[in-house]
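Everything on this sheet refers to the single structure shown next.
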Amino acid sequence: MLASCSGALLTSLFGKCFVYYNGLMDHTCVCTNGNSKAWYKAPGHFNGTLDAFIKIVRREGIKSLWSGLPPTLIMAVPATVIYFTCYDQLRAALRVRMGSHAEEAPLLAGALARVGSVTVISPLELIRTKMQSQRSSYRELSEVIHSAVRNEGWRSLWRGWGPTLLRDVPFSAMYWYNYEKGKAWLCKHNNIREPTFAITFISGAVSGSIASIVTLPFDVVKTRRQVEIGELQAMNLSSKASSSTLSVMTKIVAENGVGGLFVGFLPRVIKVAPACAIMISCYEFGKAFFRKHNQERLLTSNT
């Protein structure tokens, strides 16, 4: 738990910047002018990711690249602790029970761990999206929660849960399976038993990039639905029941073509690779550190 917590903190600090999605934690900057294609209303025009970095730093300072860090940490730390701790425990248990199919244990363990994590964190994510769309302060957090429950019931706090699972469960299943395979292959290739920091870093970056590309359409759908809910509430309009994932995808394709399902492709890949690499490397390093510490403490106590 401490290892995953440290990984979440470092990923938030070094992986947080002004883009659509950073791989492990969302940060949605909703539009305020009613244009569904405008993710962020700011002075000037951005001609790509690099241009956005330069202009934002010039106008708002380098600290603005870490804007929204507190809400990210509020979600990232508990979500990551639940996710990574459950994954390790499930993988160990499933490897024993799956016998000859033990190699597929990371795939199933990753999927199950993500279901639990998403279910716990989903209300926080929706509340954060509403706070961003309404420009609410942290002091108004309780009112945001009470308003959502009063107007739409407790179940409304899990709105977007389905699309989030469609994005995150396949992502986690592919990520962990490819990560474990890649790590094992690199260890074998280098004739070592324990993975080095470089091996975990490379394995995490490659597996995260592959998973993010495959699941990007579901991320676009989930974000579109939550942004629409936030905009309706910001205009004091009642939010109707969300459309199904398929209908939202159909609408996006009709409006923007198939490419609309892959909006933010480059920023997402740019962020997913280092975010996953930093997270898993810190996690593996933390586990190795505490394992060594526990072994040394056990030896000391026995002597």
Tell me, which residue of segment 155-196 that is among the polar types (S, T, N, Q) and over 16 Å from the mean Cα position of the chain (by Cα) is least open to solvent (accessible area, probe 1.4 Å)?
156
Considering only residues that are more than 22 Å from residue 162 (Cα to Cα) and in a helix (DSSP H, G or I), which ones fall in segment 255-271?
255, 256, 259, 266, 267, 269, 270, 271
Being open to solvent by 50 Å² or more (accessible area, probe 1.4 Å), touching a residue at least 40 places away in the same chain (Cβ under 8 Å) and among the β-branched types (Val, Ile, Thr): is that true of residue 115 here?
yes
What number of residues in segment 56-91 are within 26 Å of residue 177 (Cα to Cα) and open to solvent by 60 Å² or more (accessible area, probe 1.4 Å)?
1
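The values are calculated or read from the model by the stated rules, or taken from the named source; none is laboratory data. Note that the structure is predicted; figures quoted are calculated from it, not measured. Because the Cβ atoms are built from the backbone with ideal geometry, glycine has one as well, and the counts that use them run over all protein chains shown. Side chains included, ligands, DNA and RNA excluded: accessible areas come from the protein's heavy atoms. Shrake-Rupley method; radii C 1.70, N 1.55, O 1.52, S 1.80 Å.
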